[in-house]
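Here the structure comes first, spelled out in structure tokens, and everything after it is commentary.
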Protein chains: 2
Amino acid sequence: MTAPAPSGKTQVKLGLIQTHASPDPAENLARQLALIEKAADAGAQIVCTQELFRSPYFCQSEDHAFFGLAEEIPGGPSTQALMALAKKRGIVLVGSLFEKRSAGLYHNTAVIIDADGSLLGIYRKMHIPDDPLFYEKFYFTPGDTGFRAWQTRYGRIGVLVCWDQWYPEGARLTALQGAQILFYPTAIGWHPSEKAEHGVNQHGAWETIQRSHAVANGCYVAAINRVGHEILPSVGGAGIEFWGQSFVAGTSGQLLAKASADKEEVLIVEIDLAKVDETRTHWPFFRDRRIDAYGDLTRRFID
Amino acid sequence: MTAPAPSGKTQVKLGLIQTHASPDPAENLARQLALIEKAADAGAQIVCTQELFRSPYFCQSEDHAFFGLAEEIPGGPSTQALMALAKKRGIVLVGSLFEKRSAGLYHNTAVIIDADGSLLGIYRKMHIPDDPLFYEKFYFTPGDTGFRAWQTRYGRIGVLVCWDQWYPEGARLTALQGAQILFYPTAIGWHPSEKAEHGVNQHGAWETIQRSHAVANGCYVAAINRVGHEILPSVGGAGIEFWGQSFVAGTSGQLLAKASADKEEVLIVEIDLAKVDETRTHWPFFRDRRIDAYGDLTRRFID
């Protein structure tokens, strides 16, 4: 972990693609590819999409028709397009996709593609939410990949997805595999009826918990969230106002850069992987973990 | 956990005692008792001291003479005085003490005293730091109590101490025992030579990680830190500038109240334990923990 990335440099430019989604998957994929090109033009070496960028956030309802949005990995068009683009531009890509694994078996899956265009691996979202307008348990089988880290050309990275962000366990297990950067593609927003009363606290909790993963693990965290107010025609109602505000946190959890709440943005942030080693040495939390006393973390409740 | 405290109310007033330390342990104990009385006068029902309030932060050096500061629990004067005061005022008290358990065996220990003056239990600091001017591994054997929660007259509480604050594992294991409030007596500050460059990030990390425990567990967090610039005569140098800023975070991690960086303060904060149940129901993180996939949290590193 102390070694620089195989590129030989410790400075790395991240690209976070914060965008909206139209009803047309092909259009969303095309726009995503264009935005990734824009990030690459700006020097980004590791680029990450928001969660399920290829479609509106369909989990607002339980509708069997939406399973039609899923793709096979790596055979589907999105993975293939991302692999081709990674190779063309020589960049690492993390893409969040709706995976059809088999008939009746679907996952919320991230693909991790190295800068030569090869598929390094996948991560299947481990923690699946289910709340009003976020009916994910209907669509996604909880992941069976476990938590993972990958050595890419530009750094050792981990990927977790949205609801995972609330679980320090996932961040820790990824960091313990040496991850220097944790990527969180997400799709979170306000219920318009709650925004006035709870909006500030909800967003604050979201930002705080992810910054805390950087603190606890002495690593970088990049959260990539969608923007736009999405009301599904088949659902109606007030929909979800996705709150954007994608950000990168430094190794002490400090905000290094943050996008707006409502605009499409390509956020380019240079980080220095040498800070990971330095932070973990000066604030040596890994040294003192009481692994002899953590066994009950695998219990549902201690009662 | 859904039941109100045995008092029958869900509103509870917390008292956080943020103070300095003089070289005289008797004086520090007397001042602490007076400040607790002041908190009780203001209606506080659960009061917590900063870490090792009875003395300056002696861990700035490794000096056998300082073992003389330790006391037996419950026989020592501090525990006895706190028990008497808890009974007199009908309040719950959490006190952070230097425990002499036996010859050559010392702990950094919190006493948890119920409102009838009885000693509910103790917590021995599990994670022990060791860094320049924070030579705690010399003094304190890592705790063997494990992480705990106690039902007091005014709520179910957990207590962790200082360096524990950096470990989401400790907060989680305490919350999984139903704790509604996590108390963190601490003694943390700036090395004056680092303050200009790193001070903001260091304090930000400290506040962020503790607020995140409230987020992850849908509970309240109270951090009680000392103030004052302490230079030990036998050590000299620039000493440590304890940064105060004791605070209470709500169940979404939001700051409810925060003390100054340099003044003695008795912070009184009313909270509502019903919010714990409400938050955990609406943001049901406990529901979805992947306990089948957390086994490696008991590993030192996953390599």
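Residues B:Met83, B:Met126, ordered by accessible area of protein heavy atoms at a 1.4 angstrom probe radius and largest first, appear as B:Met83, B:Met126. Highest-first packing order for the peptide set A:250-259, B:245-254, B:219-228, B:276-285 is B:219-228, B:245-254, A:250-259, B:276-285, based on the mean count of other beta carbon atoms within 10 Å.
Could you identify which residue out of A:Ser193, A:Ser118, A:Ser260 has the top mean-square fluctuation in a GNM of chain A using Cα springs shorter than 10 Å? In this elastic network of chain A, the residue with the biggest mean-square fluctuation among A:Ser193, A:Ser118, A:Ser260 is A:Ser193. Using Cβ point charges alone (K and R +1, D and E -1), the dipole size of the protein assembly as shown about the Cα centre works out to roughly 520 debye. Only helices enter the 222 nm calculation for chain B: every DSSP H run of n ≥ 4 contributes -39,500 (n - 2.57), and dividing by all residues gives -8000 deg cm²/dmol, rounded to 500. Rounded to the nearest 0.05, the FRET efficiency derived from the C-beta distance between A:Ile231 and B:Glu37 at R0 = 41 Å is 0.10.
Would you mind giving the mean number of other chain beta-carbons within 10 Å of the Cβ of each residue in B:212-219, as a whole number? Per residue, the number of nearby Cβ atoms from other chains is 5 on average. For the range A:164-177, backbone phi angles converted through the Karplus equation (6.51, -1.76, 1.60; θ = phi - 60°) give residue-by-residue couplings of 3, 5, 7, 10, x, 4, x, 4, 5, 5, 6, 5, 5, 9 Hz, Gly and Pro being listed as x. Accessible surface for A:Glu62 stands near 100 Å², nearest 10, in the context of the full protein assembly shown (1.4 Å probe). The distance between label points at A:Ala238 and A:Glu278 comes to 4.6 nm (points 7 Å beyond Cα on the Cα→Cβ vector). Sorted from nearest, the other copies put their B:His282 label points 3.9 nm away, the label point being 7 Å from Cα in the direction of Cβ. State which entries of B:Lys13/B:Lys263; A:Lys38/A:Lys87; A:Lys195/A:Lys263; B:Lys88/B:Lys275; A:Lys125/B:Lys275; B:Lys38/B:Lys263 exceed 23 angstrom in Cα-Cα distance in the structure shown. Flagged as over cut-off: B:Lys88/B:Lys275; A:Lys125/B:Lys275. Burial of accessible area (probe 1.4 Å, heavy atoms of protein chains only) in the range A:129-164, relative to its chain alone, reaches at least 40 Å² for A:Trp163.
Label-to-label distance for A:Lys9 and A:Ala103 is 5.0 nm, based on points extended 7 Å past Cα in the beta-carbon direction.
Under a Gaussian network description of chain B, with springs only between Cα atoms under 10 Å, the residue in B:Ile209, B:Ile36, B:Ile268 that fluctuates furthest is B:Ile209. Calculated accessible area for the protein assembly as shown comes out at 34 Å² per residue, all protein chains present (probe 1.4 Å; ligands, DNA, RNA ignored). Counting only aspartates and glutamates at least 8 places from A:Lys100 when in the same chain, those with an alpha carbon closer than 15 Å to its own are A:Glu71, A:Glu72, A:Glu136, A:Asp144.
The values are calculated or read from the model by the stated rules, or taken from the named source; none is laboratory data. All values reported here derive from a predicted model rather than from experimental measurement. Because the Cβ atoms are built from the backbone with ideal geometry, glycine has one as well, and the counts that use them run over all protein chains shown. Accessible surface areas use protein heavy atoms only, side chains included; no ligands, DNA or RNA. Shrake-Rupley method; radii C 1.70, N 1.55, O 1.52, S 1.80 Å.
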